[in-house]
Amino acid sequence: MAHWTTKVLGDPTVLVQTVVVDGEPAGNIVAWWEGERRFIGYWFGRPYWGRGIGTGALTAFLERETARPLYADPAAGNTGSIRLLEKCGFTAAGTVRYGEDEHVVLVLGAGAGTDADA
């Protein structure tokens, strides 16, 4: 909770929104700066997968989050997340490793595919 309070909600450059379905929280979407890059991430509860909720929520979020290019780096095995990002216009630009885990770098907007492995 301290991380969310100080690093996420306490940072005015972070855009975070709760996704609500039928009055219940279904997940969240967040955008933040990492150096010179703006990243996006999200989490949706399993009962909300495969129902178009992620696509609708991310599409609406991207109308508010206008920074481009915008990066995402889901785990390579997370095909659902990769498909969601591609539906919303992100394109694969390379891969990156975090320890033993390989992640796919996807980019939305100008500069897509130019420096993902940097």
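Among the numbered criteria (1) open to solvent by less than 40 Å² (accessible area, probe 1.4 Å); (2) over 17 Å from Val16 (Cβ atoms); (3) aliphatic (A, V, I, L, M), which single criterion is violated by Ala92?
Tallying (1) open to solvent by less than 40 Å² (accessible area, probe 1.4 Å); (2) over 17 Å from Val16 (Cβ atoms); (3) aliphatic (A, V, I, L, M), Ala92 fails exactly one: (1).
Given the residues Thr55, Thr79, which is the only one that is of a type outside the set (Lys, Arg), over 24 Å from Leu9 (Cα atoms) and open to solvent by less than 90 Å² (accessible area, probe 1.4 Å)?
Result: Thr79 is the single residue among Thr55, Thr79 that is of a type outside the set (Lys, Arg), over 24 Å from Leu9 (Cα atoms) and open to solvent by less than 90 Å² (accessible area, probe 1.4 Å).
Restricting attention to the stretch 35-46, report how many residues are within 14 Å of Glu24 (Cα to Cα) and touching a strand residue (DSSP E or B) at 6+ places or on another chain (Cβ under 8 Å).
2
Could you check the stretch 67-76 and list, in sequence order, the residues that are open to solvent by less than 30 Å² (accessible area, probe 1.4 Å) and within 20 Å of Gly50 (Cβ to Cβ)?
Ala72, Pro74
Do we have Thr13 as touching a Phe, Trp or Tyr at 6+ places or on another chain (Cβ under 7 Å), free of Cβ contacts under 8 Å to residues at least 24 places away in the same chain and either of a type outside the set (A, V, I, L, M, F, W, C) or over 27 Å from Thr95 (Cβ atoms) (or both) here?
So Thr13 fits the description; yes.
Quick grid of which residues meet (1) basic (Lys, Arg); (2) modelled with pLDDT under 95; (3) touching a Lys or Arg at 6+ places or on another chain (Cβ under 6 Å):
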{"position": "Gly35", "(1), (2), (3)": "no, yes, no"}
{"position": "Arg51", "(1), (2), (3)": "yes, yes, no"}
{"position": "Arg64", "(1), (2), (3)": "yes, no, no"}
{"position": "Asp73", "(1), (2), (3)": "no, no, no"}
{"position": "Ala76", "(1), (2), (3)": "no, no, no"}
{"position": "Gly99", "(1), (2), (3)": "no, yes, no"}
{"position": "Leu108", "(1), (2), (3)": "no, no, no"}
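All but one of (1) exposed (fewer than 15 other Cβ atoms within 10 Å of the Cβ); (2) within 11 Å of the chain's Cα centre (by Cα); (3) more than 25 Å from Gly99 (Cβ to Cβ) hold for Trp43, so report the exception by its number.
Only one criterion is unmet by Trp43, namely (3).
The values are calculated or read from the model by the stated rules, or taken from the named source; none is laboratory data. Just so we're clear, the structure is a prediction, and the values are computed from it rather than from any experiment. Neighbour counts run over all protein chains shown; Cβ positions are idealised from the backbone, glycine included. SASA here: full protein model, heavy atoms, side chains in, ligands and nucleic acids out. Shrake-Rupley method; radii C 1.70, N 1.55, O 1.52, S 1.80 Å.
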